[in-house]
Amino acid sequence: MTADPMNFRLDLLAIGAHPDDVELMAGGTLLKMAQQGYKTGIVDLTSGERGTRGSAEIRLREAQAAAKILGLQVRENLGLPDAHLMLNEAGRLKIIQALRRLRPRLVMTHYWEDPHPDHRMASQLVTDACHLSGLAKLETGTPRFRPQKLIYFMLPQTRLTTPTFVVDITRQFQRRMKAVRAYKSQLYDAQSKELETRLSTPDFLDRVEVDLRLYGNLAQVKYAEAFVSREPLSMQDPVAFFRRVGPKRG
Ligand SMILES: [Zn+2]
């Protein structure tokens, strides 16, 4: 992607279909970037009002608590319809307006293959919006803007998809799990009378940890989050890059 030579307001913006999607898949990376002084943010496309557990108000409060834990500068909700995300002009325009307002250098969103239709739609909507946002003649009252790069999280659970890269979040692990646990209404609670979901089973957080260990193992670190780039990663200096990130040996 080519970037307009304009100011970036955020360094990293993650866009998820529902509050908690980003925390589950990329919370450690957002936290790590914030700890390194980058400006980070999350935009949730819907407030999860049709989720089996909790309500829009509860999930909004939980999302704000998680934002504090991750050190985000920005957390917004675009109010698109949960369970009804569609590839339409209204949704695309809201995302374009958010991109032009927040001006992120790097954007991350859902992988394009996912059993949840909202996740698939979010992937396509964000991909399209990142491109269209750069067109000057698509007028929204704000100047055109295109992020430098778009990457994808929430790789298919079949594990047949090899990440393009993983981010070591070993040091961020405890705090990123605290951000996930901020979504109390979605997780296991022996007292709750609400219907069970995949997230609310007693072993769900253990399975999240196993995933992070698996990706960490690929890079010989304890915990990592995984991402995919559609394009090959180009680098100016492979020697410096691999010297910095290579595993310690011997
Ligand atoms: Zn979701």
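See the values below:
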{"item": "Residues (more than 14 Å from the ligand (Cβ to nearest atom) and either open to solvent by less than 10 Å² (accessible area, probe 1.4 Å) or within 26 Å of ARG100 (Cβ to Cβ) (or both)) located in the stretch 25-40", "result": "GLY28, THR29, LEU30, LEU31, MET33, ALA34, GLN36, GLY37, TYR38, LYS39, THR40"}
{"item": "Residue list for the stretch 61-120, filter: within 14 Å of the ligand (Cβ to nearest atom), part of a strand (DSSP E or B) and touching a residue at least 60 places away in the same chain (Cβ under 8 Å)", "result": "THR109, HIS110"}
{"item": "Matching entry among VAL22, VAL43 (being within 16 Å of the ligand (Cβ to nearest atom) and without any contact (Cβ under 8 Å) to a residue 60 or more places away in the chain)", "result": "VAL43"}
{"item": "Considering residues of the stretch 21-47 that are closer than 12 Å to VAL74 by Cα and assigned to a strand (DSSP E or B) only, the residue farthest from the chain's Cα centre (by Cα)", "result": "THR40"}
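The values are calculated or read from the model by the stated rules, or taken from the named source; none is laboratory data. Here the structure is a predicted model, which means the values were calculated and not measured. As a convention, Cβ positions derive from the backbone with ideal geometry for all residues, glycine included, and neighbour counts pool all protein chains shown. In case anyone asks, the SASA skips ligands and DNA or RNA and just uses the protein heavy atoms, side chains included. Shrake-Rupley method; radii C 1.70, N 1.55, O 1.52, S 1.80 Å.
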